[in-house]
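Notes follow once the structure below has been shown.
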Amino acid sequence: MDQACDVKFDGQDHVKIDLPENIRNLLDTLGEPEEQVRIALTSDMNAEGIYGEQWLLIDPFDLRVITTENGSSVQRFSIPLDKIEDAQIEQCVGNGLLNVTVDGKPQVLLHFSNELTERFALAATYLRRRKESDKIPDFDADGKRCVSCGRRLLDPSMKVCPSCIKREQVLTRLLQLARPFWGVGVLEIVLMLAGLGVDLLPPYLTKTLIDQVLTSAAHPEWLIWLVGGLLGLQIIRVGITIGTNLLTNRISTQFTTNVRTMMFKHLSTLSLDFFDRNDIGRLLTRINQDTDELQGLINQIANFILYIMLIIGIGVILFSMDPILGLCVLIPAPFVVVATFFYQKYMMPYWRRFWNSRWRLNSMLNTFLSGIQVVKAFAQEGQEEERYQDRNNKVLEARLRVDQAWGKFFPIISFAFGAGGLIIWYAGGNAVLSHRISLGTLMAFLSYLGMFYGPLSSLAQLSQAWNRFTTIAQRTFEFLDETPKVLETPQPVRRDKIDGRIEFDHVTFGYDPYFPVLKDVSFTIEPGEMVGIVGSSGAGKTTLVAMISRFYDANQGAVLIDDVDVRDVPMEELRQNIGVVLQTPFLFRGTLAQNIAYAKPEAPLDDIIRAAKAANAHDFIINMPEGYDTIVGEGGAGLSGGERQRISIARAILLNPKILILDEATSSVDTETERQIQKALEVLVKGRTTIAIAHRLSTLYNANRIIALERGRVVEIGTPEQLMEQKGVFYKLVQMQTQFARLDGVVPL
């Protein structure tokens, strides 16, 4: 077992680890109490960088590196934490290194495979932050653990494992969420109580029928009335059942619909980092499948409430009819309770595996549908079918485990209740023969017995349904409680107009803060200026422009527009003044006019046409079957790449923003289409502050300045001519593209 993955938080700054015996023995030899260890991580390589095992232990005062070979452990390093000036991760080919700086000299602590990079990067960050601050920073080896007990989460989208869910709190919150339906719920309970009364009457009438009419013939004239009464009760029961079902379905359906709406509304408010962390398949499972299950479970729990009422009511009647027989009825109960307890404990891991395998199947299906063009382009349908079949089989296996276990458990429960019925036949038969009770009383008792054991059998499933219900509810509430990292400021700075001056002031940012993508970036763009952003793939170009729209907030530093931090500007106001043309534009299913007017749905058709003409899109639109009313498929199916891009440019023109971001707007089109898009862009950039990311450097021939990025840092800023003279990063990119430029008259700068 991977001991380093068994971290458990104790609510302080410690990370409790179950250390192996050889490590504990070594610590005893060194006089180091195991309780002092705050962090313990294991690597999968030895000191020579080949497969093996090393441990990194950190206590309040020292850092230790321990090597384990052949079951014995030896300390390689012991470094006082106060002497560690810096800690960094170095990525190598096939592995990584954890380096620390002590007395100004770098020192390699240990090797690890790339799979463990994040784990040791967090350790390096822990050491750096400890040096920078007197406060001991928090540490989490992978962030996918229960915040309560520290167990690894099978479902990493949850924050609390099923064992730590505070089910009473979940139920209380559900009741608060269901407040609009309390009135209907009270009416349903009243109907249930009425139905309970109706259910309890037929056995009593049957007893009277047998004792007073059939066996003694004391009141033969009652026959028609008793039979009619039984018929009438059945009719009333049908009416009550229909009413109860309608109310139950109304509550469960409207409640889950409201929850689904709340989840979607909340989803739209979350920051992009949330979508970076969660795949679409998992989110679809949360919003659609979990709420469907929640609806079914609400219906099931309503039935359980009825069953509990029946058990209480019938139990009272049974004991009032004959206490001895009443006690005989309870003989199977202890066995059923104990069996149910152990069954639920046994089954919970299988339920969790089923839920896990199901969302993984959904995730795989979503990935397949999103990448269907790539699948077909490389003729990998067979491979994807195998992958889907593999995950589908895992769902099948997990579900079969659950169903087969229930298939074995339910007959045992049925046997127990059947044996209970036989006990009543025997004890009741003796009571009739000894004239202690009448035959009618025994028959009524047996009728009530069937009504008693049926709900009791169903309640054997209550624990399982209750666990599922609270787990799904917990996941739902965790989703609704997810806080956007990019939040509206409580005191926004509002302005009548934006000039478009952009400043990056020592901005550092990483999607994972332990791995910065932008590092101490500073520059200023004046209003109306066009600036090109260049650099190799992964340099941080797209991340940089995402900071302007405030898709992400800087970890350090600030992004300012007109000398105001974007974090102080209302998000709607900010994004209404920023137009974005992406490398791969996304069109929604709808008409071309609706897609152009997406940012301004109220725009009149004349403005839409004017924007389309400016984007060189009008001519191809009017040649479409329905012109501006032509419906395109999701993603722009039915249009070429250049046509989709010009629709995207028309959308930006209609928005009329003061700041324009062009994210490689012409990189995926042919030369002729690029010329048409360039003409549209020349119209679009006039009078606007424009930032253009480009791999195809010919698109930057009219830029005022170029900013060159390399590994997240600004390495060059200047006019195209100045940077060509410097012969730095920009010059090398131009030379590289010149060598591969097509012989069609379009040559990079």
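The values are calculated or read from the model by the stated rules, or taken from the named source; none is laboratory data. These numbers were taken from a predicted model, which means no experiment stands behind them. Positions of Cβ are backbone-derived with ideal geometry, glycine not excepted, and every protein chain shown enters the neighbour counts. Please note that ligands, DNA and RNA were not included when accessible areas were found on the heavy atoms of the full protein model with its side chains. Shrake-Rupley method; radii C 1.70, N 1.55, O 1.52, S 1.80 Å.
Before moving on, here are some points about what is shown:
- Lone qualifier among Ala692, Ala665 - being over 20 Å from Asp607 (Cβ atoms), open to solvent by less than 10 Å² (accessible area, probe 1.4 Å), at pLDDT 85 or above and not in a helix (DSSP H, G or I): Ala692
- Taken over region 470-523, residues that are in contact with a Phe, Trp or Tyr (Cβ under 8 Å, 6 or more places away or on another chain) and part of a loop (DSSP other than H, G, I, E, B) amount to 7.
- Filter result (in contact (Cβ under 8 Å) with a residue 24 or more places away in the chain, within 11 Å of Phe504 (Cα to Cα) and touching a Lys or Arg at 6+ places or on another chain (Cβ under 9 Å)) within region 524-563: Ile525, Ala554, Ala558, Val559, Leu560, Ile561, Asp563
- Index of the failed condition, Asp607 passing every other in (1) closer than 21 Å to Glu710 by Cβ; (2) over 29 Å from the mean Cα position of the chain (by Cα); (3) of a type in the set (Asp, Glu): (1)
- Looking at Gly642, Gly638, just one residue is surrounded by fewer than 22 Cβ atoms within 10 Å (Cβ to Cβ) and in contact (Cβ under 8 Å) with a residue 24 or more places away in the chain, and that residue is Gly642.
- Residues located in region 277-319, provided they are more than 30 Å from Leu365 (Cβ to Cβ), open to solvent by 40 Å² or more (accessible area, probe 1.4 Å) and not aliphatic (A, V, I, L, M): Asn303, Tyr307, Phe319
- When Val238, Val259 are screened for being free of Cβ contacts under 8 Å to residues at least 40 places away in the same chain, part of a helix (DSSP H, G or I) and out of contact with any Pro (no Cβ under 6 Å at 6 or more places or on another chain), only Val238 passes.
- Condition check for Leu294: in contact (Cβ under 8 Å) with a residue 40 or more places away in the chain, outside any loop (DSSP other than H, G, I, E, B) and not polar (S, T, N, Q): yes
- Just one of (1) open to solvent by 50 Å² or more (accessible area, probe 1.4 Å); (2) at pLDDT below 75; (3) assigned to a helix (DSSP H, G or I) fails for Asp138. It is (3).
- Region 242-271: number of residues that are open to solvent by less than 70 Å² (accessible area, probe 1.4 Å) and within 14 Å of the chain's Cα centre (by Cα): 5
- Annotation note: of Ile287, Ile324, the sole residue that is in a helix (DSSP H, G or I), among the β-branched types (Val, Ile, Thr) and within 21 Å of Thr470 (Cβ to Cβ) is Ile287.
- Residue match in region 406-428 (condition: open to solvent by less than 50 Å² (accessible area, probe 1.4 Å), closer than 23 Å to Phe354 by Cα and within 51 Å of the chain's Cα centre (by Cα)): yes
- Sole residue being modelled with pLDDT under 75 and buried (at least 17 other Cβ atoms within 10 Å of the Cβ), chosen from Phe479, Phe469: Phe469
- If you go through region 210-235 and keep only what is closer than 17 Å to Gly440 by Cβ and open to solvent by 90 Å² or more (accessible area, probe 1.4 Å), you end up with Leu214, Trp222, Trp225.
- So Gly535, is it modelled with pLDDT of 80 or more and surrounded by fewer than 17 Cβ atoms within 10 Å (Cβ to Cβ): no
- Residue-level check: of (1) over 18 Å from Gly579 (Cβ atoms); (2) modelled with pLDDT under 85, Gly687 misses just (1).
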